[in-house]
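**Student:** Below you'll find the structure I mean.
The values are calculated or read from the model by the stated rules, or taken from the named source; none is laboratory data. Owing to the predicted nature of the structure, the values given are computational and were not obtained by experimental measurement. All Cβ positions, even for glycine, are placed from backbone atoms using ideal geometry, and neighbour counts span all protein chains on display. In case anyone asks, the SASA skips ligands and DNA or RNA and just uses the protein heavy atoms, side chains included. Shrake-Rupley method; radii C 1.70, N 1.55, O 1.52, S 1.80 Å.
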Amino acid sequence: MKNEWPLWEVFIRGQHGMSHRHVGSLHAPDAEMAIKNARDVYTRRNEGVSIWVVEAAAITASSPSDKGPLYEPSESKVYRHPTFFDIPDEVGAM
Amino acid sequence: MTAAAAKAQPALTQQEAFVQFLLRMGDNTLILGHRVSEWCGHAPVLEEDIALANIALDLIGQTQIWLGLAADVQGEGKSADDLAFLRDAWDFRNLLLVEMPNGDFGQTLMRQFLFDAWHGLMLEQLKSSSDERVAAIAEKASKEVAYHFERSAETVISLGDGTEESHNRMQAALDYLWPYVGEMFLSDEIDAAMEQAGIAPDPTTLRDAYDTRVSDVLAEATLTIPESRFAQKGGRTGQMHTEHLGHLLTQMQWLQRAYPGAKW
């Protein structure tokens, strides 16, 4: 029998309009308790307005050993950065 | 009135009754807050440890405003800290339920659940108190307590309807603590004075809603409520606390007793 609760990854939205950000992980028996635990562990200092939790096992991650083929090809493609356009001041922060 | 009659029946002034009511509210949160804080660093898992510490801190925060107001109304120049740290067991007005020992984690959560269910109902009523200060405290505290109740109820269900071991422990906790439930719904001349002034409800009126709230959760938790309605009492009147309160106070108050007036 497995005695450990599953691991959950926690994402918190700090303010309305911002995106959820990964803040850490915790253990909980189910999703509802994971939300409650996240509230208690990660929002004690008024950090959030919304919480997402996802079981860590449900996340598929890229492999660190693949970083050559995955990321290096984009290093030489500076034209993909939108730095060649003049942006009018009225547009403000983008 | 003769002197003898006055001695036999010391009539409470409205102010004295109000102070007693405020002490009852503040002592409940103080003693339970301290009890829950005893888990700090000892809870079964880190997540529960932090959750319990949060609850304890909520309760101590509420204590500061209840006892602060009690001290103000009393008008003897005392502070909330004076009331918390310099009174002895017989001056405390908390329910016996909240001074009961933590026992195992299940017993702690069962005590929390039985108290939260009452606390939430009480604060809901106090939101419409004729005394604005009381209404303001209730407004703030009821949000915290709504969460406490949600959490304790859910844990009682998970453990009650969990393994055979957890079920048996929760049933034992319920059997042990049930005799301390009835005291929450007792009523005396202090409650009558509060009800008349529109400050607080008569506690007896909360019982039906409480029974519904609690029996729904306990049914889902597959736990059986003991049939006896026998109620241990003496906490909220200060007449007879359990032997556990003195030990708790010894720990909670030792610093102020050993080093009077110490600050940091």
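**Student:** By accessible area of protein heavy atoms, probe 1.4 Å, what ranking do B:Thr205, B:Thr222 get, highest first? Present the calculation step by step, with values, prior to reporting the outcome.
**Tutor:** Numbers: B:Thr205 95, B:Thr222 65 Å².
From most accessible down to least: B:Thr205, B:Thr222.
**Student:** Rounded to the nearest whole Å², what accessible area per residue is found for chain B with the 1.4 Å probe?
**Tutor:** Numbers: 12290 Å² over 264 residues.
Counting only protein heavy atoms, the per-residue value for chain B is 47 Å².
**Student:** Ignoring ligands, DNA and RNA, how much accessible area is buried between chains A and B, both sides summed, with a 1.4 Å probe, to the nearest 100 Å²?
**Tutor:** Values: alone 8040 and 12890 Å², together 19760 Å².
The A and B chains share an interface burying roughly 1200 Å².
**Student:** Still on this structure, please answer the following. Accessible area of B:Asp202, 1.4 Å probe, to the nearest 10 Å²?
**Tutor:** Near enough 40 Å² of accessible area.
**Student:** Return the carbon/sulfur percentage of the accessible area of the stretch B:135-264, one whole number, probe 1.4 Å, all protein chains in place. Spell out each step's value before the answer.
**Tutor:** Details: 3790 of 6940 Å².
Answer for the stretch B:135-264: carbon and sulfur cover 55 percent of the accessible area.
**Student:** Now a separate question. Would you tell me the accessible area of A:His27, worked out with a 1.4 angstrom probe on the heavy atoms of the protein chains, in Å² to the nearest 10?
**Tutor:** Estimated to the nearest 10 Å², A:His27 gives 60 Å².
**Student:** Using a simple charge model, +1 on the beta-carbon of Lys and Arg, -1 on the beta-carbon of Asp and Glu, nothing else, what dipole does the protein assembly as shown show about its Cα centre, in debye to the nearest 20? Show your work: numbers first, answer last.
**Tutor:** Numbers: 30 positive and 52 negative charges, 131 e Å.
Roughly 620 debye, rounded to the nearest 20.
**Student:** For the stretch B:90-229, with the dipole built from +1 on Lys and Arg beta-carbon atoms and -1 on Asp and Glu ones, taken about the Cα centre, which of B:Phe92, B:Val217, B:Ala193 lies farthest toward the positive end?
**Tutor:** Of the candidates, B:Phe92 comes out farthest on the positive side.
**Student:** Now a separate question. Which of rounded, prolate or oblate describes chain A when judged by the alpha-carbon gyration tensor and an a/c cut-off of 1.5?
**Tutor:** Numbers: a/c = 4.66, a/b = 1.51, b/c = 3.09.
Because a/c hits 1.5 or more and a/b fails to exceed b/c, chain A counts as oblate.
**Student:** OK, next. For the cross-link pairs A:Lys36/B:Lys140; A:Lys36/B:Lys143; B:Lys143/B:Lys263, which exceed 22 Å when the distance is taken from alpha carbon to alpha carbon? Let's see the in-between values first.
**Tutor:** Working: A:Lys36/B:Lys140 20 Å; A:Lys36/B:Lys143 15 Å; B:Lys143/B:Lys263 31 Å.
B:Lys143/B:Lys263, as the Cα separations exceed 22 Å there.
**Student:** Over chain A, average the accessible area per residue using a 1.4 Å probe and give it in Å², no decimals. Present the calculation step by step, with values, prior to reporting the outcome.
**Tutor:** On the way: 7460 Å² over 94 residues.
Value returned for chain A: 79 Å² of accessible area per residue.
**Student:** Consider just the alpha-carbon atoms of the stretch B:63-159 and return their Rg together with their Dmax, both in angstrom.
**Tutor:** 15.4, 48
**Student:** Which order do A:Trp52, B:Trp90 take by accessible area at a 1.4 Å probe, largest first?
**Tutor:** Numbers: A:Trp52 140, B:Trp90 165 Å².
Output order, biggest surface exposure first: B:Trp90, A:Trp52.
**Student:** Compare each residue of the stretch B:40-70 in its chain alone against the assembly with all protein chains, and report those whose accessible area goes down by 20 Å² or more; 1.4 Å probe, heavy atoms.
**Tutor:** Residues shielded by partner chains are B:Val45, B:Glu47, B:Glu48, B:Ile50, B:Asn54.
**Student:** If you add up the charges near B:Arg133, with Lys and Arg at +1 and Asp and Glu at -1, over every other residue whose beta carbon is less than 12 angstrom from its beta carbon, what do you get? Intermediate results must be reported in sequence, preceding the final value.
**Tutor:** Details: positive: B:Lys140; negative: B:Asp72, B:Asp131, B:Glu132, B:Glu139.
Once all neighbours under 12 Å are counted, the net charge is -3.
**Student:** Quick one: Cα centre-to-centre distance for the stretch A:1-63 and the stretch B:163-219, in angstrom?
**Tutor:** If we compute the Cα centre of each part, the gap is 34 Å.
**Student:** Less than 9 Å Cβ to Cβ from B:Pro201, Lys/Arg counted +1 and Asp/Glu -1: what total charge do the surrounding residues give? Walk me through the intermediate numbers first.
**Tutor:** Details: positive: none; negative: B:Asp191, B:Glu195, B:Asp202.
Around B:Pro201, the charge tally is -3.
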